[in-house]
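*Asks:* Supplied in structure tokens, the structure appears directly below.
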Amino acid sequence: MATPAILFGGPSPEHDISISTGLQAAHTLKGVQAVYWAKNGGFHLVDADSEVTDFADGVPRKARELAFDARPGQGWILKKKPLDISVVVNCCHGGPGEDGTIQGAMDLVGYRYTGPGQTGSALGMDKLAFGASVVNAGLPSLPRLLLQPGVAPGFDGPYIVKPRFGGSSIGIEVADDLDTALALLRTSPHLGQGAVIEPFLLEFRDLNIAVRTYPTMSLSNIEEPRTSGDGLYSYEQKYLAWGDTGAPANTVPADVDPAMAAQIHEIAPKVAALVGVRSVARIDFLDAAGTLFVNEINTIPGSLSAKLFVDPPVSRRELLDGMVAEALASPPRAFSTHGADGTALRNASTIASKLG
Ligand SMILES: Nc1ncnc2c1ncn2[C@@H]1O[C@H](COP(=O)(O)OP(=O)(O)O)[C@@H](O)[C@H]1O
Ligand SMILES: [Mg+2]
């Protein structure tokens, strides 16, 4: 019988936290298959009852290697047979698991999966395109531009420079002036795929909200994540220093005045719609002393944002069951074969002959 497959890990800086999200999902849903995506890109079928510690040295010893075949109806293959998968519950954070890459591959196979499709995933990961979409929709955003030599940003420093396709605060730097910002483009190992530049806020706090799309679009409580003294909410803070210790890293519900809460409630579904959010996503805002800006979206948020739904409470089980039900009900992406009768090819040869 086809069962859900939990996909987690992935060749991304957020590989480790994704193991934790994936195993939480596997333990909650039960009766699922667990597909571990190793840092080197290989896929492995692992015991769905595994613990995080089983991955301490990489691929668990009893894991069975899977092949991946992108043809329709194939997908993950164990000993020449495709796994019998009803839906893929994607628990990958960052990199190719969240940026549209695996989504495109799953579309080719014909898998049903949680989270947005390929294009929405790519938009959610691209800070430049996402920021432009937010502005285009008339929603509040800080000015955000591609950092490039010879283009003045049109606002004063200090600046914050972020990898265009980054996450988890990795590679984010503050620069007092444009020359320092541009120098980062040449020296930072995190900016190889480009960077965005925006004004660095001296006084602000982060405010996050999660949206859930099933059974209907609904919002979580607002969370104020704990930030460091220098204002940057770092990877270490999110996942290492407090993440697993049980210490209250974040405040939910956050203390937010009603007018700002109303603004967040109004904006969050609009941002979710821009990206075609499915399942659950977290939308992060910056509250600059009373002025609200949309900052970013995480389409596969850490722990699937289960802890943000406190009032009314939504259990992890309910959240995951909803995600699976929604994905089961969404048909896989269909590819048009219009023109595959040779018309397109004939047109192409006519054009080619005209061009000589
Ligand atoms: N314009 C800004 N001014 C000051 N701090 C910022 C600004 N933008 C982001 N930050 C801080 O940096 C953190 C990480 O930035 P973010 O855009 O969320 O990148 P990432 O995708 O790496 O999480 C935010 O949570 C916030 O604390
Ligand atoms: Mg962030």
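The numbers here are math on the coordinates, done by the rules we state, and not lab data. What you see is a predicted model, and the numbers here were worked out from it, not measured in a lab. Cβ placement follows ideal geometry from the backbone for every residue including glycine, while neighbour counts extend to all protein chains displayed.
*Asks:* 7 Å from Cα along Cα→Cβ at both ILE351 and VAL52: what's the point-to-point distance in nm?
*Replies:* According to this spin-label approximation, the distance is 5.2 nm.
*Asks:* What length, rounded to one decimal in nm, is gained on full extension from VAL174 through to LEU78, with 0.36 nm per residue of separation minus their alpha-carbon distance?
*Replies:* 29.8 nm
*Asks:* Mind checking the full-extension length gain between HIS265 and LEU202? Use 0.36 nm per residue of separation minus the Cα-Cα distance, one decimal, nm.
*Replies:* 20.2 nm
*Asks:* If I take R0 = 45 Å and measure r between the Cβ atoms of LEU185 and MET1 in this structure, what FRET efficiency does the formula 1/(1 + (r/R0)^6) give, to the nearest 0.05?
*Replies:* Efficiency, rounded to the nearest 0.05: 0.30.
*Asks:* So for the pair VAL151, ALA334, with labels modelled 7 Å out along Cα→Cβ, what separation do we get in nm?
*Replies:* Between VAL151 and ALA334, the simple spin-label model gives 3.9 nm.
*Asks:* If the cut-off is a Cα-Cα distance under 29 Å, which lysines reach LYS62, setting aside same-chain residues fewer than 8 apart in sequence?
*Replies:* Counting by Cα, and skipping residues close in sequence, LYS62 has these lysines nearby: LYS30, LYS39, LYS79, LYS80, LYS81.
*Asks:* I would also like to ask the following. Hey, what did the chain get for relative contact order, percent, Cα under 8 Å, at least 6 apart?
*Replies:* 17 percent
*Asks:* For the chain, compute the orientation-averaged projected area of the C-alpha convex hull (one quarter of its surface), in nm².
*Replies:* 22.0 nm²
*Asks:* Would you kindly state how much longer the chain becomes between LYS30 and SER218 on full extension, computed as 0.36 nm times their sequence separation minus their alpha carbon distance, in nm to one decimal?
*Replies:* Result: 65.1 nm gained on full extension.
*Asks:* Compute from the Cα atoms of the range 42-173 the Rg and the Dmax, the latter being the longest Cα-Cα distance, and quote both in angstrom.
*Replies:* Over the range 42-173's Cα set, Rg and Dmax evaluate to 19.5, 59 Å.
*Asks:* So if R0 is 41 Å, what FRET efficiency would ARG64 and ARG226 give, r being the distance between their Cβ atoms, rounded to the nearest 0.05?
*Replies:* Computed FRET efficiency for ARG64 and ARG226 comes out at 0.55.
*Asks:* In addition: Could you calculate, for the range 3-113, the ratio of the Cα radius of gyration to the Kirkwood radius, expressed as Rg to Rh?
*Replies:* 0.92
*Asks:* Find the Rg to Rh ratio for the range 143-199, where Rh is the Kirkwood radius over alpha-carbon pairs and Rg uses the same atoms.
*Replies:* Taking Rg over the Kirkwood Rh, I get 0.91.
*Asks:* Okay, next question. Each label point is 7 Å from the Cα along the Cα-to-Cβ direction; what then is the distance between the points at ALA137 and THR251, in nm?
*Replies:* 2.7 nm
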